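Asks: Below you'll find the structure I mean.
Taken together, the values in this text are just the output of simple stated rules run on the coordinates, not laboratory data. Given the structure is predicted, the values throughout are model-derived calculations rather than measurements. All Cβ positions, even for glycine, are placed from backbone atoms using ideal geometry, and neighbour counts span all protein chains on display.
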Amino acid sequence: MSEEEKLPGARPAWRRRPLGAVSGLLAACAALAVAELVAAAVRPQAGPVVAVGSAAVDRTPAAVKDYAIRHFGTDDKLVLQLGILATLAALALLLGVLAADRRRAGATGVLLFGVVGAWAATSRPDSTSWTDALPSAVGVIAGAGVLYVLTGRLGPGKAAHTPAPDTQSRGVAPAATGPDGPAAVTREAGWDRRGFVVAATAAAAASTAAGTLGRVLTSSRGRDAAASRSTVVLPAPASAAAPVPKRAQLRVPGVSSFVTPNKDFYRVDTALVVPKVDATAWRLRIHGKGVTRPMTVTFDDLLRRELIERHITLTCVSNEVGGPYVGNAHWIGVRLADLLAECGVEPPSEGGPADQLVARSVDGMTIGSPVEDVMDGRDALLAVGMNGEPLPFEHGFPVRMLVPGLYGYVSACKWIEDIELTTFDSYDPYWVKRKWARKAPVKTQSRIDTPKPFARPTAGTVMVAGVAWAQHRGIDKVEVRVDDGPWQQADLAAEDTRDTWRQWSFPWKAIRGGHTLTVRATDRTGRIQTERRTRTVPDGASGRHSVVVTVD
Ligand SMILES: Nc1nc2c(c(=O)[nH]1)N[C@H]1C(S)=C(S)[C@@H](COP(=O)(O)O)O[C@H]1N2
Ligand SMILES: [Mo]
């Protein structure tokens, strides 16, 4: 055993490096905790994990995003954040090991993460201030400090290389020697085990405290928004929707509920943190080309206007054939066309100069819709209510847009705060920049809800049922095919409106064996749902939904 190894201040590499790794992890925890604390004060979305995650979301190629939505569904955001944390942890371990040998390099490495985090936070479209860089910047300074202090004493320090000979020969515990003796030198050079444990525990405790405080502050910010939501009283609509016909909802077990409860309504957006907007501070600005009377409205202004209630089925362009990203709700809101007309907007068909309406959300999303569609008489809404309550935060509180017949990414801006009239030639919104189509009416689609894929029904009459949608055109026919047999007409449930989906059922005389059930719908323009399969990119999946079952 070399002399160096006997000294606590001069641990051999195999003991030093694991402690370095632990120090690295603790430094990362400290950095993140402090960053969250600062983010709570600055802006929750400016925290490094969310900022880097959001920057990653923005830069994710459409195909990967498609894959993520397909495989992780609404959990895609959780998966992304866990991925970022795992990556950070791995890098922190490596940096810690590096720092065990090269203290300065380690601490400097930590600072580099701050640059990445600060850049991600300030380059977000919803970032309006340099202060968004603060969480990452202050966080890494804390992290670098922790790493510097913890690894600084893992040795080999200068003193450790020149130990006092008598300390060695007598084997005296460092603490037993006087403060001016050799042990003082040794202690300066390295932590003893207890010292390290104490320092590491202190760092961990301080990080936990900072992180917890950050959480508390962030949630208290959300409390204003929650309070503003809980005091909203939705006025009765001046124009109520006709009640859903009783026979619109089939009583077939397994078929989707005709109205999708809010808690079950699919959610697709890029927000890693759900924006919590205080309705009392909310404003919507309408401006741009051909807007002769620009307008800024408050939430109360909207509630005082004539409200309409409408049943509208919303679909995501990322929905695969047979997929779950479609839902039907009762919405209450203001007719967007009226508001636009008050601002002096005219549709292109009447000579208006703007053909694209770009909605912007508080989180920097941009969504472009054709002005012509919004003003052609359909019930395009600035919605404030969903199924009898104020919009849930996840679905856009306080106000979102909806245009029947268009996929969500070209019509349904949540947390909306700005409407700009412009042209398709002069501006590409968020998804269009990412290779999705500029215009995207919903494609006629149908889905088999029951039986489920690979179900094993018993021979006899099996109820096949599901939903079909072609918003703003309406569904006129649904047919089912068993294996390669003829198309047979399904029974259509009553239609609510042409903007909602329609249920269908088909009593199938099922005989033993494996079978493939396929469905197709015909919309009111007479067009049969195509069998040509396309991917979701660029303007929505097409093709027909099939389910394979085994009849016992
Ligand atoms: N601010 C914002 N609005 C948004 C989105 C978004 O990412 N951010 N996603 C759009 C998409 S792609 C769809 S399909 C609908 C989904 O609305 P939902 O989550 O309420 O079902 O919201 C739209 N509005
Ligand atoms: Mo979507």
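Asks: Can you tell me which of 288-300, 428-440, 41-53, 110-122 comes out highest on packing, and rank the rest after it, using the mean Cβ neighbours within 10 Å?
Replies: Per-residue Cβ counts within 10 Å, averaged per peptide and sorted highest first, yield 41-53, 110-122, 428-440, 288-300.
Asks: Here is a follow-up. Kirkwood hydrodynamic radius of the range 474-552 from all distinct Cα pairs, in Å?
Replies: 13.9 Å
Asks: Which links in 65/439; 276/452; 246/439; 477/509; 276/433 stretch past 29 Å when you go from one Cα to the other?
Replies: Flagged as over cut-off: 276/452; 246/439.
Asks: Add -39500 (n - 2.57) for each DSSP H run of 4 or more in the chain, then divide by its residues: what number comes out at 222 nm, to the nearest 500 deg cm²/dmol?
Replies: So the helix-based figure for the chain works out to -11500 deg cm²/dmol.
Asks: I've got another one for you. Please give the per residue volume of the convex hull enclosing the alpha carbon atoms of the range 271-421, rounded to a whole number of Å³.
Replies: 106 Å³
Asks: Also, I was wondering about something else. Fewest first, what order do 542, 239 take by the number of other Cβ atoms within 10 Å?
Replies: The order, fewest Cβ neighbours first, is 239, 542.
Asks: Now for a different question. Cα atoms only, the range 284-352: Rg and Dmax in Å?
Replies: 16.0, 45
Asks: Is any helix in the chain, taking whole DSSP H runs, at least 24 angstrom long along its axis by alpha carbon and on average at least -0.5 on the Kyte-Doolittle scale, and which ones?
Replies: What comes out of the filter, once short or polar helices are dropped, is 13-42, 76-101, 103-122, 134-152, 193-230.
Asks: Still on this structure, I have one more. Divide the volume of the convex hull of the Cα atoms of the range 338-384 by its number of residues and quote the answer in cubic angstrom per residue.
Replies: Expressed per residue, the convex hull around the Cα atoms of the range 338-384 is 87 Å³.
Asks: I'd like to know which of 421, 464, 486 lies farthest towards the positive end of the charge dipole of the range 371-521, counting +1 on Cβ of Lys and Arg and -1 on Cβ of Asp and Glu.
Replies: So the residue furthest toward the plus end is 486.
Asks: Within 10 Å of each residue's Cβ, count the other Cβ atoms and sort 345, 197 from fewest upward.
Replies: 197, 345
Asks: With a 10 Å radius around each residue's Cβ, average the other Cβ atoms per peptide and rank 24-34, 123-133, 227-237, 394-404, highest first.
Replies: Ranking, from highest mean packing down: 24-34, 394-404, 123-133, 227-237.
Asks: Counting each pair of different Cα atoms once, what's the Kirkwood radius of the range 204-278 in Å, rounded to one decimal?
Replies: Value: 17.3 Å, from the Cα pair sum.
Asks: Right, here's the next one. For the range 415-461, what is the convex hull volume of its Cα atoms per residue in Å³?
Replies: 183 Å³
Asks: Further question on the same structure: For the range 330-417, compute Rh as the Kirkwood radius over C-alpha pairs and then the Stokes-Einstein diffusion coefficient at 4 °C and 1.567 mPa s; write the answer in µm²/s, rounded to an integer.
Replies: 100 µm²/s
Asks: More than 20 Å apart: what percent of Cα pairs in the range 26-153 qualify?
Replies: 45 percent
Asks: What residues have an amide H closer than 5 Å to that of residue 402, excluding those fewer than 5 places away on the same chain, when H is modeled at 1.01 Å from N in the peptide plane?
Replies: It is 381, 383, by chain and number.
Asks: Quick check: net charge around residue 217, other residues with Cβ under 15 Å of its Cβ, Lys/Arg +1 and Asp/Glu -1?
Replies: +3
Asks: Turning to a different aspect of this structure: Would you work out the relative contact order for the chain, in percent, from Cα pairs under 8 angstrom that are 6 or more residues apart?
Replies: Reported as a whole number, the value is 13 percent.
Asks: Okay, next question. Using the Cα gyration tensor of the range 237-318, with a ≥ b ≥ c the square roots of its eigenvalues, what is the shape: rounded (a/c below 1.5), prolate (a/b larger than b/c) or oblate (neither)?
Replies: Verdict is prolate for the range 237-318.
Asks: Moving on to the next point. Stokes-Einstein D for the range 347-469 at 25 °C, 0.890 mPa s, Kirkwood Rh over Cα pairs, in µm²/s?
Replies: Rounded to a whole number, D works out at 148 µm²/s.
Asks: Could you please tell me the mean projected area of the C-alpha convex hull for the chain, averaged over all directions and given in square nanometres to one decimal?
Replies: Mean orientational projected area (the chain, Cα hull): 32.8 nm².
Asks: When the Karplus curve 6.51 cos²θ - 1.76 cosθ + 1.60 is applied with θ = phi - 60°, which whole-Hz ³J(HN,Hα) does each residue of the range 311-316 get, with x for Gly and Pro?
Replies: My calculation for the range 311-316 gives 9, 9, 9, 10, 10, 9 Hz in order.
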